[in-house]
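Each value in this text was obtained by applying a stated rule to the coordinates, not by laboratory testing. Quantities reported herein were computed from a predicted structural model and do not represent experimental measurements. Virtual Cβ from ideal backbone geometry, glycine too; neighbours counted across all protein chains shown.
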Amino acid sequence: MKKVMIVMGSDSDWAVMKKAAQTLREFEVEYEIHVASAHRTTSRALELAEGAVGRGIEIIIAGAGAAAHLPGVLAAVTPLPVIGIPINATSLHGIDALYAIVQMPSGIPVATVAVDGAKNAALLAVQMLGIKHTDLREKMVQFKLQMASEVDAKNEKVQQLNREL
Ligand code: RP5
């Protein structure tokens with residue numbers, strides 16, 4: 001059963017958004033993925049969000065650039081949590097999308113990650129799913145242990161570099 005729906009405003013967002021898909025694959029979370037635009041295909045975007053619960057979706061990840069209304073529009077019509085990814089797509093380098101996504105009006109939250117933060121969006125989705133799916137919570141524990149051992153290795157490397165000064 002697909003647990004996550006990934007939506008992006010354009011295929012030009014793919015280079016960033018694919019990192020969310022890759023991360024979900026690493027955790028073996030099933031997902032569906034779509035291009036739908038809040039402005040250019042408004043009905044399609046609403047339809048995707050309105051039907052998400054019926055398809056078994058538990059979390060929505062939405063990325064968009066420019067005047068990035070997609071995550072908020074999806075959040076407006078679903079009870080599911082929406083994680084928003086501001087995409088660096090214009091001469092404002094993602095600040096436009098960041099403000100559009102993070103500054104949601106009271107009542108319609110969007111959990112906003114960093115500009116181009118698609119990997120973190122997927123990790124947050126896994127953590128949310130871990131509230132109910134204990135196998136995913138355990139995978140997150142292992143993921144953090146792995147990260148910690150990588151930092152230990154980096155520390156060892158710097159200790160060695162420092163000795164060689
Ligand atoms: C947004 O406008 C999309 O999410 C994309 O980041 C940006 C540019 O879209 P294209 O003109 O490349 O289709 O809606």
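Can you order the peptides 62-74, 8-20 by their average number of other Cβ atoms within 10 Å per residue, highest first?
Peptide ranking by packing, descending: 62-74, 8-20.
Rounded to the nearest 500, what is the 222 nm mean residue ellipticity of the chain from helices alone, with -39500 (n - 2.57) per DSSP H run of 4+ residues and division by all residues?
Value at 222 nm, helices only, nearest 500: -15000 deg cm²/dmol.
For region 125-165, state what percent of all Cα-Cα pairs lands in each successive 5 Å bin, counting from 0 Å until the bin that includes the largest distance.
Computed distribution, short to long bins: 6, 22, 16, 13, 12, 9, 8, 7, 5, 2, 0.
Please list log₁₀ I(q)/I(0) at q = 0.11, 0.18 Å⁻¹ for region 11-76, using the Debye equation with identical point scatterers on the alpha-carbon positions.
Values, matching the q order: -0.26, -0.70.
For the chain, give the magnitude of the charge dipole about the Cα centre (Cβ charges: +1 Lys/Arg, -1 Asp/Glu; no others), in debye to the nearest 20.
80 debye
Based on the alpha carbon coordinates of the chain, what radius of gyration and maximum Cα-Cα distance (Dmax) apply, in Å?
That works out to 17.6, 62 Å for Rg and Dmax.
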